[in-house]
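The structure appears right after this line, and notes come after that.
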Amino acid sequence: MCCCKVANFRYETPCPLDQVWVFPPSRSQKLPGLQDGGLGRTLHGLMLKMGLDLDQFSANALVDTYSKAREIEGAVAVFQEIAHPDVVSWNAVIAGCVLHDRNDLALMMLDEMNSSGTSPNMFTLSSALKACAAMRFKELGKQLHSCLIKRVADSDLYASVGLIDMYSKCEMMDDARRAYDSMPKKDVIAWNALISGYSQCGDDFEAVSLFSKMYNEDIDFNQTTISTVLKSVASLLAIKVCKQIHSISIKSGIYSDFYVINSLLDTYGKCNHIDEASKIFEERTWEDLVAYTSMITAYSQYGDGEEALKLYLQMQDADIKPDAFICSSLLNACAKLSAYEQGKQLHVHAIKFGFMCDIFASNSLVNMYAKCGSIDDADRAFFEIPNRGIVSWSAMIGGYAQHGHGKQALQLFNQMLRVGVPPNHITLVSVLCACNHAGLVNEGRQYFEKMEEMFGIKPTQEHYACMIDLLGRSGKLNEAVELVNSIPFEANGSVWGALLGAARIHKNIELGQKAAEMLYDLEPDKSGTHVLLANIYASAGMWENVAKVRKVMKDSKVKKEPGMSWIEIKDKVYTFIVGDRSHSRSDEIYAKLDQLGDLLSKAGYSPVVEIDIHNVNRSEKEKLLYHHSEKLAVAFGLIAMPPGAPIRVKKNIRICVDCHTFLKFVCKIVSREIIVRDINRFHHFKDGSCSCGDYW
DNA sequence: CTAGGGTTAG
């Protein structure tokens with residue numbers, strides 16, 4: 001008895017698998033058969049011992065056995081023993097080279113074969129085409145094509161597929177298509193090769209259309225067709241097609257193939273249907289790296305870093321060895337979460353598993369430490385990279401910039417130029433950002449004005465936004481406006497947002513209104529615009545306008561993004577919102593805040609109420625301020641972290657003036673370093689002051 | 001005795 005799942009129902013029946021499966025199991029599920037190198041070697045040794053001479057037939061078979069067992073040295077050795085290799089001997093050894101990924105050797109053997117006077121046949125040509133495809137040898141591929149036409153009258157399925165594949169891999173889809181069209185009869189493998197070609201060349205639409213044609217015309221497809229076409233479906237983010245293919249593969253009985261299931265999982269993940277992806281992931285019956293990679297990447301990219309990290313642990317419990325790719329994916333997740341402790345552990349794993357020679361993993365490590373607030377660790381990780389690329393340099397310069405270490409960022413930038421690494425547009429955003437956070441107006445202006453001339457990089461939206469922010473903060477509002485007017489393209493939300501921020505700092509109502517108007521058009525769903533404009537009106541005492549903005553906001557159903565803070569303690573990340581009482585140690589947290597409040601008042605602190613659009617009276621407002629999420633997170637850090645350890649908190653919006661002042665007092669009173677990462681940058685509170693110099 | 005198409009990927 002066996003239990004088989006076919007289409008949408010389950011039934012129990014004494015059925016052999018082949019009655020149920022429309023398609024045979026894929027190659028990956030077949031047993032290796034007689035491709036046993038050990039057995040081949042034993043037989044070979046036995047024959048030598050017994051003084052048996054190999055006849056041509058046996059020798060060819062032996063070459064083939066070694067080849068299939070991926071023991072290319074053995075195959076070549078036996079081949080060389082053959083006094084007069086025939087076409088089959090050559091074919092077997094050339095195929096072996098290709099199978100062993102020694103395509104260069106395969107093509108050399110082909111050359112030798114030609115010189116020795118043996119003519120290649122279909123078998124030879126199909127192996128040779130595969131080698132050409134792998135090496136992306138266009139010209140040789142074309143020569144093989146003409147050789148094929150000259151020598152062979154009938155077309156051959158294998159050789160034709162070889163041609164389609166070769167032209168596809170050489171990005172010559174028109175020729176691939178011609179090779180396909182000239183086939184008198186096309187089998188499923190030819191279809192698959194063509195679909196795969198379009199997919200590899202980025203013509204995803206054509207790939208999906210071909211599959212749809214196959215399906216509508218009732219042409220047989222198989223597991224390979226499905227996994228190939230899904231790759232294109234994923235690139236197109238075509239969720240409907242993905243769902244259709246999902247049901248097609250269940251109905252046709254091929255939803256049992258590793259490739260099909262992994263492809264579906266990956267496609268759902270890429271289309272941001274995490275729930276469906278995770279369902280497939282949970283229901284799968286085997287463990288493998290690809291499924292974990294797809295799932296972890298999906299979680300990391302859609303912000304659920306905690307789930308990504310959980311899976312990483314689960315993966316190790318399942319005895320799957322992670323690779324450098326997963327490692328860098330997870331480090332990026334830690335960077336997003338500001339999960340410093342988890343990040344450090346991953347660093348240890350990366351060393352243990354030998355991933356530190358991978359440039360992506362080491363770049364991610366620099367980024368992770370910088371984003372987790374430890375610029376010193378980032379620095380160390382950066383200097384340990386032997387072959388720094390542009391991404392490594394940009395990550396480190398960007399890290400310094402976010403921490404407000406403008407001078408170091410610029411020094412590193414100069415060092416990068418000295419060692420001859422040309423900057424890209426991202427590096428220059430970081431450079432301007434460094435000037436911005438360190439208040440280096442003149443330097444910023446110079447880099448901005450000369451970036452095109454010196455580095456051939458035209459300023460984009462981001463560069464303008466950074467520069468306008470810099471000018472605006474330092475009070476050069478007229479210059480900022482002039483710059484906005486000089487932009488040779490339509491400015492986007494980040495540019496106008498920078499101008500609005502500048503208008504708020506310098507209480508410029510007219511400019512604020514203009515920028516806000518632009519932003520309402522460009523980013524109608526963003527709450528920040530309303531809040532900032534209302535703040536500008538409020539600071540000028542224009543209460544009627546404040547009320548108007550509040551009404552607009554209410555009517556348009558735009559909600560203010562709720563402030564949240566995160567703190568990581570041991571292996572857990574704790575989340576806080578304003579007035580949060582959901583934590584098991586809530587009482588202790590509030591007691592700690594009360595205790596701090598007393599100490600702080602004695603030291604001269606009084607709450608700083610930033611007027612905003614909320615209809616709350618002053619004492620309530622103070623209470624709310626007092627329980628802002630970052631204060632709760634810091635208080636929790638103080639009771640739960642070991643004495644003296646720095647406290648790292650991440651926040652999703654800009655830190656308010658009161659919390660900023662509060663933390664300057666706290667760090668002094670408790671003699672602890674407090675590091676807060678807000679939406680824009682890092683604040684290092686130490687000895688009563690902040691690294692941002694109250695300029696943020 | 002010898003040959004063709006597939007999943008993760010910064």
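Only the coordinates and a few stated rules stand behind these numbers; no lab work does. Being a predicted model, the structure only gives us computed values, none of them experimental. All Cβ positions, even for glycine, are placed from backbone atoms using ideal geometry, and neighbour counts span all protein chains on display.
Brief remarks follow.
- The residues neighbouring A:Trp90, those whose beta-carbon lies less than 13 Å from its own, together hold a net charge of -4 under the Lys/Arg +1, Asp/Glu -1 convention.
- Percent of Cα pairs in the range A:298-448 per distance bin of 5 Å, from zero to the largest separation: 2, 10, 19, 21, 17, 13, 9, 5, 3, 1, 0, 0.
- Between helix A:122-135 and chain A: long-axis angle, C-alpha atoms, 0 to 90°, nearest 10: 20 degrees
- Plainly put, the range A:354-408 has a radius of gyration that is 0.95 times its Kirkwood radius, both from alpha-carbon atoms, as the Rg/Rh ratio.
- Backbone phi angles across the range A:199-209, fed through the Karplus curve with coefficients 6.51, -1.76 and 1.60 (θ = phi - 60°), yield HN-Hα couplings of 5, 5, 7, x, 8, 5, 5, 4, 4, 5, 4 Hz in residue order; Gly and Pro are listed as x.
- Backbone geometry of the range A:541-547 corresponds, through the Karplus equation with coefficients 6.51, -1.76 and 1.60 at θ = phi - 60°, to 3J(HN,Hα) couplings of x, 8, 5, 4, 5, 4, 4 Hz, x marking Gly and Pro.
- For the range A:535-601, average projected area of the Cα convex hull in nm²: 7.7 nm²
- Near A:Ile359, once Lys and Arg are set to +1 and Asp and Glu to -1 for all other residues with Cβ below 15 Å from its Cβ, the sum equals -2.
- Once you reduce the range A:125-180 and the range A:347-376 to the center of their Cα atoms, the two points are 44 Å from each other.
- Cα gyration tensor shape of the range A:114-162, rounded if a/c is under 1.5, else prolate or oblate by comparing a/b with b/c: oblate
- A simple spin-label model places pseudo-atoms 7 Å from Cα toward Cβ; at A:Lys507 and A:Glu217 they are separated by 7.5 nm.
- Coil-residue GluC sites (Glu not before Pro) of the range A:98-186, DSSP, other Cβ within 10 Å capped at 14: A:Glu171
- Placing +1 on the Cβ of every Lys and Arg and -1 on the Cβ of every Asp and Glu, with no other charges, gives the range A:213-326 a dipole of roughly 420 debye about its Cα centre.
- Summed residue charge, Cβ within 12 Å of A:Glu561's Cβ, Lys/Arg positive, Asp/Glu negative: +4
- Here the alpha carbons of the range A:458-540 define both size measures, Rg and Dmax, at 11.7, 39 Å.
- When +1 charges are put on Lys and Arg Cβ atoms and -1 charges on Asp and Glu Cβ atoms, the dipole computed for chain A relative to its Cα centre reaches about 2040 debye.
- Relative contact order of chain A, pairs being alpha-carbon contacts under 8 Å that are 6 or more residues apart, as %: 6 percent
- The range A:527-567: C-alpha gyration tensor shape, a/c 1.5 cut-off, then a/b vs b/c: oblate
- Annotation: aspartates and glutamates with alpha-carbon distance below 19 angstrom to A:Lys352 (same-chain offsets under eight excluded): A:Asp317, A:Asp319, A:Asp323, A:Glu341, A:Asp377, A:Glu384.
- Against chain A, whose longest principal axis is taken from its Cα atoms, helix A:223-236 shows a tilt of about 30°.
- Violating pairs (Cα-Cα greater than 26 angstrom) within the set A:Lys572/A:Lys592; A:Lys310/A:Lys686; A:Lys270/A:Lys344: A:Lys310/A:Lys686; A:Lys270/A:Lys344
- P(r) histogram, all alpha-carbon pairs of the range A:564-690 included - 10 Å bins from 0, percent: 13, 48, 35, 4
- Helix axis angle, A:72-81 relative to chain A longest principal axis, alpha carbon, degrees: 20 degrees
- Cα shape, chain A, gyration tensor, a/c 1.5 rule: prolate
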